[in-house]
1. Could you please tell me which pairs satisfy a Cβ distance under 7 Å, a separation of 6+ or placement on different chains, a first residue in the range 7-27 that is farther than 18 Å from GLU41 by Cα, and a second residue that is among the polar types (S, T, N, Q) and part of a helix (DSSP H, G or I)?
2. Looking at the range 84-95 only, could you name the residues that are among the charged types (D, E, K, R) and either out of contact with any strand residue (DSSP E or B) (no Cβ under 6 Å at 6 or more places or on another chain) or at pLDDT 95 or above (or both)?
3. Here are the criteria: (1) modelled with pLDDT under 90; (2) loosely packed, with under 11 Cβ neighbours inside 10 Å; (3) not in a helix (DSSP H, G or I). Tell me which single one ALA36 does not satisfy.
4. For the range 39-58, which positions are modelled with pLDDT under 90 and either charged (D, E, K, R) or surrounded by fewer than 18 Cβ atoms within 10 Å (Cβ to Cβ) (or both)?
5. For the range 62-74, check the following and say yes or no: at least one residue is surrounded by 15 or more Cβ atoms within 10 Å (Cβ to Cβ) and in a helix (DSSP H, G or I).
6. Would you check which residues across the range 75-85 are part of a helix (DSSP H, G or I) and in contact (Cβ under 8 Å) with a residue 12 or more places away in the chain and list them?
7. Say we look at the range 64-83 and pick out the residues that are of a type in the set (Gly, Ala, Ser) and under 24 Å from GLU10 (Cα atoms); which of these is modelled with the lowest pLDDT?
8. Looking at (1) loosely packed, with under 12 Cβ neighbours inside 10 Å; (2) under 19 Å from GLU8 (Cβ atoms), which is the only condition ARG26 fails?
Amino acid sequence: MTTSSNEEIEAEILRRITRPGWVATRGLVSDPADAASSEEECAAIEAVMKAMAARGLVQLWKLILFDGGDAILAAARPGFKLDEDLERRGAWAKAESYVNDE
């Protein structure tokens, strides 16, 4: 999605949160194997997610990966309990409600 506009990123986020209910930044990166561009791309995607949350379009979550403890941002449908969903499915991460500390 590197060449995508904010509007295109937003549209893709809205499309993906309809089913299964959420999407992480990594799910929107065009080439996860390219670490350098992925970092920049993730930052741009996170900025769009945060702007969407400020407008009430999504609810933000911090995903803490069990393998390594890294944290990534995820957007979910408002009211979607991502923490409970991941726990119920025994997923690869746990979710905590995101608090913007910037």
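The values are calculated or read from the model by the stated rules, or taken from the named source; none is laboratory data. A quick note: this is a predicted structure, and the numbers were derived from the prediction, not measured. Note: ideal-geometry Cβ built from the backbone for every residue, glycine included; neighbour counts use all protein chains shown.
1. Close Cβ pairs (under 7 Å, with a partner that is among the polar types (S, T, N, Q) and part of a helix (DSSP H, G or I)) do not exist here.
2. Pass one, the range 84-95, residues among the charged types (D, E, K, R): 84-85, 87-89, 94.
Matches in the range 84-95: GLU84, ASP85, GLU87, ARG88, ARG89.
3. Among (1) modelled with pLDDT under 90; (2) loosely packed, with under 11 Cβ neighbours inside 10 Å; (3) not in a helix (DSSP H, G or I), the lone unmet condition for ALA36 is (3).
4. GLU39, GLU40, GLU41
5. no
6. LEU82, ASP83, ASP85
7. Per the stated criteria, the residue is ALA71.
8. (1)
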